[in-house]
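Here is the structure we will look at.
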Amino acid sequence: MDSRSAAHVLSEIAALLDLRAENRFKARAYRTAAKAILALDSDDLSTAYRSGELARVPGIGPATLGVVGDLIENGESRYLEQLRVNVPEGVLELMRVPGLGVAKIQQIFDELGVATLDELDAAARDGRLAKLRGFGPKTAEKLVANIAFARRTSAQALLPRALAEAGRLVASVRRHPDVIVAEVAGSVRRRCDVVRDVDIVAGVRGDPAEVAASFAHAPAVREVTPTGGHAAIRYIDGTVLDLYCVPPDEFAVALWRATGSASHVGEMTDALRERGFTLDGDRILDTASGVVPVRDEPALYALVGAAFVPPELREARGEVQAATAHALPSLITLADIRGVLHCHSDYSDGTASIAEMANAARQRGWEYLGITDHSESAFFAGGLSRDAVARQHDEIDALNATLDGFRILKGIEADILATGRLDYDDATLDRFDFVIGSVHSRFRMSEGEMTARILNALDDPRLTILGHPTGRLLLAREPYQLDVEAIIEKAADRGVALELNADPHRLDLDWRRCQQAKQHGVTIEIGPDAHSTRGLDCVAVGVDIARKGWLETGDVLNTRPVDAVLAFAHRRSIHAHH
């Protein structure tokens, strides 16, 4: 029994427990175990199981270990079969539709016999759904849109999950005896915020078509579509690997081509043609001398007189022209981050104390940490009363007195109310070192209303940073209706920083908008929006997206030392007192 198959069974059990509305912690335990097992990346778990090593893996408890044992000994899980009784095929996919909870799925099944996405779509369109108690024409109409959204996003994964998946897959490709070199390509290498499949290029000994076809026998493979040296491999859990096997001397060109994007490859192909070269599969030909040896990607760009283009930038957004003019940006790296400003503690909806968050930030080599718990009107997240703010500030002062070379900043994530006013009165807002303003309510305003609401907030001189500016949740919720250009222009005019929220579900501001904000001279803050010490690690994926958005060290607020950050916040608030 391999890791991927076992993890798939554990995940399915978790989904079925969710569906039965059993206790949440039970479902979470199975999900945690699935992650832990998948991370082991083992083709055969039986040795680790029988030696007792598996029982010692964090995240695997007696019940989940029992399921794995059942899979190893009997090839199936009796517990999963038991849970599947009375659950029609297809019901689990209904759980991916936004706005459809377990109770509603049960009701729709009991009253209409609807058990698949197609049936639900039909019932929403033909009026049956609208007649159910607690539904109505508006809900049915919204579900039609949400079903389309679920279909569109079902095969996609968020970037960190895709990165982890790509890491496991490339390791298994490298273990193949005929593979000399293998690298991740495609949208994962370009650091796209959502990823459909994992592309890997391998330089191989012998016949590339034979090597590609041999992957059909790998564990947990459900189907393989081989065409020459390319194989599209679908695993039991729905993961898709696009594997390209090539002779070693074609590896560099193949890696570049499979990295994409298609439009970047197109622009480069034109540039090569202008210089007398032709792209022929994974080889470059010269009219005079035939095949041109290409050692690596920098050598390929050099053929058109261009600097090496980092994979994140290969989106046909001016990077080929910039590379040819040797005017590419010097992209930010994780090492450039000096502190973080968007973090929650157990004062609101975080799980760690301020001291624990500060300690974790120090361990990551940072010089400061901004604590930004929710403001009073965010009752959903335990927003802070004015008394709690005073208590928190005393605690921060006491901690700062004991810290050397590190500073905790007093921030707040103030709700932007429907009128565009920031939560709290001016006197309270004046007590913070900096203020993040975010929209957490009334997402369905019209574009005009939402734009006016946020433009209003940008006028408040106490606002330092606009948090997750478009409110999107990747694969779960569309951005709100908003004139983003107007927001960027006003932020530039008012000297407000825009956040690139590094929570993988948000990554908001979108990378294309980051490039646009940079052109307007807007400062960007990369905020982990951490609700735990582990959440601080989201900064890494935030930096990936910042690079994709052409950002350099100078464009990002939290690459600056603490005094410069405070000066940035202070410069705005001075205007409040004049």
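Data overview
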quantity: Within the stretch 268-288, tally of residues that are small (Gly, Ala, Ser), surrounded by 13 or more Cβ atoms within 10 Å (Cβ to Cβ) and without any contact (Cβ under 8 Å) to a residue 40 or more places away in the chain; calculated: 1
quantity: Count of the stretch 474-496 residues which are touching a residue at least 40 places away in the same chain (Cβ under 8 Å) and of a type outside the set (Ser, Thr, Tyr); calculated: 8
quantity: Residue list for the stretch 497-513, filter: in contact (Cβ under 8 Å) with a residue 40 or more places away in the chain and touching a strand residue (DSSP E or B) at 6+ places or on another chain (Cβ under 6 Å); calculated: ALA497, GLU499, LEU500, ASN501, ALA502, PRO504, HIS505, ASP508, LEU509
quantity: Yes/no for LEU341 being closer than 30 Å to ASP529 by Cα and surrounded by 19 or more Cβ atoms within 10 Å (Cβ to Cβ); calculated: yes
quantity: Count of residues meeting criterion [without any contact (Cβ under 8 Å) to a residue 40 or more places away in the chain, touching an Asp or Glu at 6+ places or on another chain (Cβ under 9 Å) and crowded, with 16+ Cβ neighbours inside 10 Å] in the stretch 313-338; calculated: 1
quantity: Flag for ASP433 being buried (at least 20 other Cβ atoms within 10 Å of the Cβ) and in contact with an Asp or Glu (Cβ under 8 Å, 6 or more places away or on another chain); calculated: no
quantity: Qualifying position, being assigned by TED's automatic domain parsing to the domain that holds GLU552 and under 25 Å from the mean Cα position of the chain (by Cα), among ARG431, ARG338, ARG407, ARG421; calculated: ARG338
quantity: Residue in the stretch 379-387 that is in contact with a helix residue (DSSP H, G or I) (Cβ under 7 Å, 6 or more places away or on another chain) and among the charged types (D, E, K, R) present; calculated: yes
quantity: Any hit, the stretch 294-310, residues being at pLDDT 95 or above, under 25 Å from the mean Cα position of the chain (by Cα) and at negative phi; calculated: yes
quantity: Conditions (1) in contact (Cβ under 8 Å) with a residue 12 or more places away in the chain; (2) buried (at least 17 other Cβ atoms within 10 Å of the Cβ); number of the one not met by VAL224; calculated: (1)
quantity: Checking ILE233 against (1) buried (at least 19 other Cβ atoms within 10 Å of the Cβ); (2) part of a loop (DSSP other than H, G, I, E, B), the condition it does not meet; calculated: (2)
quantity: Test result for ALA216, surrounded by 15 or more Cβ atoms within 10 Å (Cβ to Cβ), out of contact with any helix residue (DSSP H, G or I) (no Cβ under 7 Å at 6 or more places or on another chain) and not assigned by TED's automatic domain parsing to the domain that holds HIS505; calculated: no
quantity: The stretch 78-97 residues that are part of a loop (DSSP other than H, G, I, E, B), paired with ones that are crowded, with 17+ Cβ neighbours inside 10 Å (beta carbon under 6 Å, 6 or more apart); calculated: PRO88/ALA115; GLY90/ALA115; ARG96/ALA150; VAL97/ASN146; VAL97/ILE147; VAL97/ALA150
quantity: Index of the failed condition, GLU447 passing every other in (1) at pLDDT below 95; (2) in contact with an Asp or Glu (Cβ under 9 Å, 6 or more places away or on another chain); (3) among the charged types (D, E, K, R); calculated: (1)
quantity: Among the candidates VAL265, VAL294, residue that is surrounded by 15 or more Cβ atoms within 10 Å (Cβ to Cβ), in contact with a strand residue (DSSP E or B) (Cβ under 9 Å, 6 or more places away or on another chain) and in a loop (DSSP other than H, G, I, E, B); calculated: VAL294
quantity: Whichever residue in the stretch 481-506 is acidic (Asp, Glu) and surrounded by fewer than 24 Cβ atoms within 10 Å (Cβ to Cβ) and, among such residues, is farthest from LEU463 (Cα to Cα); calculated: ASP503
quantity: Cross-chain or 6+ apart pairs with Cβ under 7 Å, the stretch 125-144 first and basic (Lys, Arg), then in a helix (DSSP H, G or I) and surrounded by 12 or more Cβ atoms within 10 Å (Cβ to Cβ); calculated: ARG125/VAL144; ARG128/LEU112
quantity: The stretch 401-450 - residue that is part of a helix (DSSP H, G or I) and aliphatic (A, V, I, L, M) and, of those, nearest to HIS531 (Cα to Cα); calculated: LEU429
quantity: Given (1) part of a loop (DSSP other than H, G, I, E, B); (2) modelled with pLDDT of 95 or more, index of the condition LEU475 fails; calculated: (2)
quantity: Residue list for the stretch 279-330, restricted to those being within 17 Å of SER261 (Cα to Cα) and of a type in the set (Ser, Thr, Tyr); calculated: TYR301
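The values are calculated or read from the model by the stated rules, or taken from the named source; none is laboratory data. As the structure is a computational prediction, the values presented were derived from the model and not from experiment. Neighbour counts are summed over all protein chains in view; Cβ atoms, including those assigned to glycine, are modelled from backbone coordinates with ideal geometry.
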